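The block underneath contains the structure these notes are about, expressed in structure tokens.
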Amino acid sequence: QVQLVESGGGLVQAGGSLTLSCAASGRTFGGYAMGWFRQAPGNEREFVASISWSGGSTYSADSVKGRFTISRDKARNTEYLQINSLKPEDTAVYYCASGANAYVLSVGRADYWGQGTQVTVSS
């Protein structure tokens, strides 16, 4: 079993920045891709970004390209999501996920999910 714990959410003003973290623990985590999803009130959960185990391959949603950057620290079993130029429409619960590879995460197929961290952007 794998546990994913997100942190770093909060209330920020539009135009600000935030870095989300997700720490993985549990069974041996080698080889797993990691990613981020978000769910705004009244909306379905949507893919944000994913990164391969090596870090050499990433995918991101068109809506966040140029503003969101995903990265990971394999030694710490931790992934990050750097969010810049925040917009009110970025307000959502952000979920960490892991899966077989970055591509399957990009199409929504995750093996494990975190509990989520709230990001609220004020205008």
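The values are calculated or read from the model by the stated rules, or taken from the named source; none is laboratory data. Being a predicted model, the structure only gives us computed values, none of them experimental. The accessibility values were calculated without ligands, DNA or RNA, using every heavy atom of the protein model including side chains. Shrake-Rupley method; radii C 1.70, N 1.55, O 1.52, S 1.80 Å.
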Check: Any idea of the accessible area per residue across the chain, 1.4 Å probe, to the nearest Å²?
Finding: 49
Next item on the list: Alpha carbons only, please: Rg and Dmax for the chain, in angstrom.
Entry: 13.3, 42
Note to self: If each DSSP helix of 4+ residues adds -39,500 (n - 2.57) and the sum is divided by the residues in the chain, what number results at 222 nm, nearest 500 deg cm²/dmol?
What the structure shows: -1000 deg cm²/dmol
Checklist line | Long-range HN-HN contacts of residue 53 with modeled amide H, under 5 Å | finding: 33, 102
